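One structure is given below, encoded as structure tokens.
The values are calculated or read from the model by the stated rules, or taken from the named source; none is laboratory data. Here the structure is a predicted model, which means the values were calculated and not measured. Don't worry about glycine lacking a Cβ; one is built from the backbone with ideal geometry, like all the others, and counts go over all protein chains shown.
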Amino acid sequence: MQKSKSLSLVLFVQRTLLSLAFAFLACGETLHLKAFVQNAIDLGLPYAYPLCIGILILTFIASIMLFIGFKTRLATIANIIATLFSGFFFFAGDFNRVNIVGVLLALALLFGFLILGGGQFSLDNYLQNLKENTSDRIPFR
């Protein structure tokens, strides 16, 4: 399926903005790590501290992968997991409608990347084109 340039441009802009939002979320969770862990402990989560640190690292690495368009679908799945975790544990202390809307909007955008991939302006597309162009060559000939 050949994607149009305008769709790829929209995917690029959405991917860039969403990955920056996730990086911002990871920074906010890091700055408020004590509250993040305490909310997870208050809700009865075992091993809350290492799990929260793992979610922070997952969010940050997945946002970088999404930003450059590398393994976009894998990064999307990681961001979906991090979004659900952050939505329920990071905002547990002050759970309100704004947080619910933010989580739902992030999930809606992420499911688009899960279905469509990174688009034409991504590292995935570049590597796929590179693989297709070099697979026809016979080495050492």
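Count of region 113-141 residues, restricted to those that are within 29 Å of Ile55 (Cβ to Cβ) and either at pLDDT 85 or above or part of a loop (DSSP other than H, G, I, E, B) (or both), is 7.
Conditions tested, residue by residue: (1) among the hydroxyl-bearing types (Ser, Thr, Tyr); (2) modelled with pLDDT under 85; (3) more than 22 Å from Asn129 (Cβ to Cβ).
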{"position": "Gln2", "(1), (2), (3)": "no, yes, no"}
{"position": "Lys5", "(1), (2), (3)": "no, yes, no"}
{"position": "Leu25", "(1), (2), (3)": "no, yes, yes"}
{"position": "Ser63", "(1), (2), (3)": "yes, no, yes"}
{"position": "Ala75", "(1), (2), (3)": "no, no, no"}
{"position": "Ser86", "(1), (2), (3)": "yes, yes, yes"}
{"position": "Phe89", "(1), (2), (3)": "no, yes, yes"}
{"position": "Asp94", "(1), (2), (3)": "no, yes, yes"}
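Of the candidates Phe36, Phe12, the single residue that is of a type in the set (Phe, Trp, Tyr), surrounded by 14 or more Cβ atoms within 10 Å (Cβ to Cβ) and either farther than 27 Å from Gly117 by Cα or under 12 Å from the mean Cα position of the chain (by Cα) (or both) is Phe36.
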